[in-house]
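These notes are about the structure you will find just below.
The values are calculated or read from the model by the stated rules, or taken from the named source; none is laboratory data. Being a predicted model, the structure only gives us computed values, none of them experimental. Backbone-built Cβ (ideal geometry, glycine too); neighbour counts: all protein chains shown.
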Amino acid sequence: MTRGGETRTEHDSLGAVEVPADAYWGAQTERARANFPRGDDRFPDALVHAFGAVKLACARANAAVDVLPASLAALVEEAAGEVARGGLDGAIVVPVWHSGSGTQLNMNVNEVIAGRANELAGRGRGGREPVHPNDHVNRSQSSNDVVPTALHVAAIASTEQRLLPALAALIETLDERRAAIGDVETVGRTHLMDALPITLGHQLTAWRELATGARAHIEASLEPLRTVPLGGAAVGTGAGTPDGFKDRAIGELAAVIERELMPAALPLGRQAAHAAPLGLSGALRDLATGLHTIAEDVRLLGSGPRCGLGELILPANEPGSSAMPGKVNPTQCEAMVMIALQVMANDQACALAARAGHLQLNTARPLLAVNLLRSIDLLAEGVASFDARCLAGLDVDRERTRELRERSLMLVTALVPRLGYDRAAAIAARAHREGITLREAVLAEGALEAGEFDALIAALTSGTP
């Protein structure tokens, strides 16, 4: 971001720090860049944008309760709006692995907003005049109420804007495929062994229920996130905040993000512990579990094309092997499975982070925020890709399903009420021993007439969804 290594001098409570000349941030951000492990991790854009919305709302509230001059509030609001709209993403540079309270992230945002506001005021980029990162941008706030509030806002927005629409589209695709191929009868399998026949309509309906159940769980888990701890200040009691600030700030924030938000009666409970974000993480894990099941089922039913089950025909998206010409792999299923496993692992990280609270502070907020928001992003992209590049093009090999169904010996279950378990088992054993169909074995035994056999078998798959 710098030009030719030029720097400028910034100050904080510990003294002077050299900062890249064209950076918007100040001394505390630069110290964080030097003092904490960097790695390749960065904070999700959704969290940064949520911070901008929170700072904008607080500037309006501070002006309304007369603790911030209108002229300075206007500068903060304009700069914070740029953060909220993604215009300053590149300026949020603190490492993820810093203070567990998220203080350095909050100060990075404060310094960037102040630095941009001062530029807007004609004082040059950065600095602490006329807008100060602590006295003005962070007025009436603490990292301890701002960070969890921003996480709530980011999680709600990302889920509603990206994940839920992708999930709705996937459910619509399953409905369309059920209408197109749901009548096809195939072999059911339990323990990966032949079982009673089902239709693809039954299978697609089961997959749909996994998706719709997970969607309902996610939607329900968003409701606790709408109660935010903004206004709780450092220890969750609101000490040091002006009268009327909390309700005004949350009202302004709700207007900025165009979503309903409510103040916490006692913010402390949502600053020291993070049950609401953890609840959403659990719902995302449940969705991942269902998607894992669907993807593995599709992959198994499409295995082959000649030496596997080969019932489903999957879209061919790219060559599957660098060594075997003509091979096409179920790559979308495999990608979905890996995403599902990662989301399950992220949920475990979220659980560990949520338990890291002591008294009035949780000290693993960045860990919780990054893993929760990454899960939302991964699922939103993964669901959309799996839907468009796999499920939407899913077809069935009708001849293959007919062949397997006729060869299945588990059709014998339909004969038990008429012939008894032992005689039905003996007929099935003969069919397997002689390599003939169950129908052929029944007729050879003289156990049933052909029409009666066919009627009993047809009843097995009655009631197609």
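The single condition from (1) at pLDDT 95 or above; (2) of a type in the set (S, T, N, Q); (3) in contact with a helix residue (DSSP H, G or I) (Cβ under 6 Å, 6 or more places away or on another chain); (4) not assigned by TED's automatic domain parsing to the domain that holds D377 that T159 fails is (4).
Only one of these is of a type in the set (S, T, Y) and in the same structural domain as G357 (by TED's automatic domain parsing): T241, T190. Name it. Steps first, answer last, please.
On the way: T241 fails: in the same structural domain as G357 (by TED's automatic domain parsing).
Result of the check over T241, T190: T190.
Every condition in (1) at pLDDT 95 or above; (2) among the acidic types (D, E); (3) not assigned by TED's automatic domain parsing to the domain that holds R299 is met by E403 except one, and the failing one is (1). Just one of the listed residues (R374, R418) is assigned to a helix (DSSP H, G or I), among the basic types (K, R) and assigned by TED's automatic domain parsing to the domain that holds P197, and it is R374. Every residue in the range 257-294 that is closer than 21 Å to H217 by Cβ, of a type in the set (S, T, N, Q) and either surrounded by fewer than 22 Cβ atoms within 10 Å (Cβ to Cβ) or in contact with a Gly (Cβ under 6 Å, 6 or more places away or on another chain) (or both), please. Selection gives T289, T293. Here R33 passes the criteria (1) within 25 Å of T149 (Cα to Cα); (2) in contact with a helix residue (DSSP H, G or I) (Cβ under 8 Å, 6 or more places away or on another chain) except the one numbered (2). Within the range 312-319, can one find any residue that is of a type in the set (A, V, I, L, M, F, W, C) and part of a loop (DSSP other than H, G, I, E, B)? So far as the range 312-319 goes, yes, one or more of its residues are of a type in the set (A, V, I, L, M, F, W, C) and part of a loop (DSSP other than H, G, I, E, B).
Across the range 382-397, a minimum of one residue is classified as of a type in the set (S, T, N, Q), surrounded by 16 or more Cβ atoms within 10 Å (Cβ to Cβ), outside any loop (DSSP other than H, G, I, E, B) and modelled with pLDDT of 95 or more.
Among the residues that make up the range 305-324, is at least one of them surrounded by 15 or more Cβ atoms within 10 Å (Cβ to Cβ), within 30 Å of E223 (Cα to Cα) and assigned by TED's automatic domain parsing to the domain that holds A364? No, every residue in the range 305-324 fails to be surrounded by 15 or more Cβ atoms within 10 Å (Cβ to Cβ), within 30 Å of E223 (Cα to Cα) and assigned by TED's automatic domain parsing to the domain that holds A364.
In the range 329-347, is there at least one residue being surrounded by fewer than 22 Cβ atoms within 10 Å (Cβ to Cβ) and assigned to a loop (DSSP other than H, G, I, E, B)? Yes: the range 329-347 contains one or more residues that are surrounded by fewer than 22 Cβ atoms within 10 Å (Cβ to Cβ) and assigned to a loop (DSSP other than H, G, I, E, B). When residues in the range 404-421 are screened for being within 28 Å of D175 (Cβ to Cβ) and either of a type in the set (A, V, I, L, M) or surrounded by fewer than 16 Cβ atoms within 10 Å (Cβ to Cβ) (or both), 1 of them pass.
For every residue, the table says whether it meets (1) under 28 Å from A364 (Cβ atoms); (2) assigned by TED's automatic domain parsing to the domain that holds H132; (3) of a type outside the set (V, I, T).
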position	(1), (2), (3)
Q28	yes, yes, yes
R31	yes, yes, yes
F36	yes, yes, yes
P44	yes, yes, yes
H49	yes, yes, yes
V76	no, yes, no
G81	no, yes, yes
L105	yes, yes, yes
V109	yes, yes, no
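When G90 is tested against (1) within 35 Å of the chain's Cα centre (by Cα); (2) in the same structural domain as G26 (by TED's automatic domain parsing); (3) buried (at least 23 other Cβ atoms within 10 Å of the Cβ), exactly one condition is not met: (3).
If you go through the range 131-170 and pick out every residue that is without any contact (Cβ under 8 Å) to a residue 60 or more places away in the chain, of a type in the set (S, T, N, Q) and within 30 Å of G382 (Cα to Cα), you end up with 1.
Suppose we keep only residues that are polar (S, T, N, Q) and assigned to a loop (DSSP other than H, G, I, E, B) within the range 204-256. Which one would you say is surrounded by the most Cβ atoms within 10 Å (Cβ to Cβ)?
The initial filter retains those residues of the range 204-256 that are polar (S, T, N, Q), namely 205, 212, 221, 227, 237, 241.
From what's left, assigned to a loop (DSSP other than H, G, I, E, B): 237, 241.
On the way: T237: 15, T241: 24.
Filtering first and then ranking leaves T241.
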